[in-house]
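Below is one structure, written out as structure tokens; comments come after it.
Read-outs: derived from the displayed coordinates by stated rules, not from any lab. Note that the coordinates shown come from a computational prediction; the quantities given were computed from them, not determined experimentally. Here the Cβ is made from the backbone with ideal geometry for all residues, glycine too, and neighbour counts use every protein chain on show.
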């Protein structure tokens, strides 16, 4: 069981781990021992996550979110399987904690009268500069 916040904990059945050979450091050990961890979290079927958190989590997970609603996190930074397992769990916890934060709503504002005037003045000035670049028109 993984503790996320005071009211969210992930059950063991929601997580599954598989171990594969790592491409990272380890010398000859890389060819013999499966140290990389692939952590799979069934986020779509998780009863411990509210719907709005699942929605934000799906956006944050990006390519790690599968079609069947699972998040796959890989960790192969360390040589030991145990440290990679801890790293994968930390990545998952961090991702879910980021999804728990509700984004601030944007408050629409109107431009001030002064800023509108400054914008129009700069546009007029720019138009005058471009007008001066034209060839003078002769009177026919």
Just a yes or no: is a residue in the range 22-37 on the phi > 0 side of the Ramachandran plot and buried (at least 16 other Cβ atoms within 10 Å of the Cβ)? yes
Lone qualifier among 106, 126, 64 - being more than 22 Å from residue 12 (Cα to Cα), surrounded by 10 or more Cβ atoms within 10 Å (Cβ to Cβ) and without any contact (Cβ under 8 Å) to a residue 12 or more places away in the chain: 126
Please go through the range 34-57 and give me each residue that is under 12 Å from residue 72 (Cα atoms) and either free of Cβ contacts under 8 Å to residues at least 24 places away in the same chain or assigned to a strand (DSSP E or B) (or both), ordered by number. 37, 38, 39, 40, 41
Taking the range 108-125 as the region of interest, how many residues are under 41 Å from the mean Cα position of the chain (by Cα) and part of a helix (DSSP H, G or I)? 10
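To keep it simple, each residue is scored yes or no on (1) exposed (fewer than 10 other Cβ atoms within 10 Å of the Cβ); (2) in contact (Cβ under 8 Å) with a residue 60 or more places away in the chain.
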{"residue": "89", "(1), (2)": "no, yes"}
{"residue": "96", "(1), (2)": "no, yes"}
{"residue": "102", "(1), (2)": "yes, no"}
{"residue": "117", "(1), (2)": "no, no"}
{"residue": "131", "(1), (2)": "yes, no"}
{"residue": "138", "(1), (2)": "yes, no"}
Given (1) out of contact with any helix residue (DSSP H, G or I) (no Cβ under 9 Å at 6 or more places or on another chain); (2) without any contact (Cβ under 8 Å) to a residue 12 or more places away in the chain, identify the lone condition not met by residue 111. (1)
